Amino acid sequence: MLLAAASCGAASKELTLADAWGVIREKQFVDLTHAFAPGIPHWKGFPDEKRETLFWYQPGVGRLGGGFFAQSFTHVGQWGTHVDPPAHFIQGLRTVDQIEVKEMILPLVVLDVHQAVANNPDYTITMADVRDWEARHGQIPAGAFVALRTDWSRRWPSLEAMHNRDAQGVAHYPGWSLEVLRYLYEVRRITASGHETTDTDPGLATSRDDYSLETYILKGNHYQIELLANLEAVPEAGALVVVSFPKPKDGSGFPARVFAILP
């Protein structure tokens, strides 16, 4: 809208950040992040979070003293809604602190397969799903963040429901497919991707310790976000995503705060 106004308007007034903020502040924001705490769903090999109150407002409660509120958090980097940098799987590639800030605000594409997942929890996205999206919305833009909507996050915060294991211990949850990931990253040249489940790969694969799809993404020096939430509140096209996280030096991963700005 701003670009159209600038091109059709009388003046050659250059758009400013103040102009952009004037538009953005009126938009709806949607938090795509789960709040994390001990006991939340996580990958099967990780320990639970430990949390301790070190200081409390009144004396005698915090372990180290009173006067203010301060906690100690002990958790793996891949905790809650979190970022996986390339170095999470591939030695020598980028760690959390090496992800450029320009990769943190991107066009948001939502590939919605939640109805197929409702009928088949082992569903993996197909090229037919992607072609259907592009038929309705146009080509997936280069540099986009592509999120896979499965509505699996509605099972949060139950670890059992998220893993959805059968009597033999095999997990049944949806995931990406290599064909689609190759198309998104190599043909459409997206920047990053994310999903609602604990893993990139579907449960049938992770149950046999097959993480080849996550390896594919990270090996390409891209980052991903796991355990997204509230994708049902975001349109398939037209929104922006802001992906933020702390900057631990040489970090293997960290909880993230992710939100969408709706068109």
With 200, 191 as the choices, which residue is surrounded by 15 or more Cβ atoms within 10 Å (Cβ to Cβ) and either over 18 Å from the mean Cα position of the chain (by Cα) or without any contact (Cβ under 8 Å) to a residue 60 or more places away in the chain (or both)? 200
Unique match (being within 16 Å of residue 232 (Cα to Cα), aliphatic (A, V, I, L, M), touching an Asp or Glu at 6+ places or on another chain (Cβ under 9 Å) and not in a loop (DSSP other than H, G, I, E, B)) among 146, 117, 180: 117
So if I check each of 102, 44, which one is closer than 24 Å to residue 194 by Cβ and in a loop (DSSP other than H, G, I, E, B)? 44
Would you please list the contacts, defined by Cβ atoms under 8 Å and residues six or more apart or on different chains, that run from a residue in region 96-121 that is free of Cβ contacts under 8 Å to residues at least 40 places away in the same chain to a residue that is of a type in the set (Val, Ile, Thr) and in a loop (DSSP other than H, G, I, E, B)? none
Suppose the filter is in a helix (DSSP H, G or I), over 18 Å from the mean Cα position of the chain (by Cα) and surrounded by fewer than 20 Cβ atoms within 10 Å (Cβ to Cβ); does residue 208 pass it? no
Which of the residues spanning region 57-79 are surrounded by 12 or more Cβ atoms within 10 Å (Cβ to Cβ), more than 33 Å from the chain's Cα centre (by Cα) and not β-branched (Val, Ile, Thr)? 62, 65, 66
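The numbers here are math on the coordinates, done by the rules we state, and not lab data. Being a predicted model, the structure only gives us computed values, none of them experimental. With ideal geometry, Cβ positions are generated from the backbone for all residues, glycine too; neighbour counts draw on all protein chains shown.
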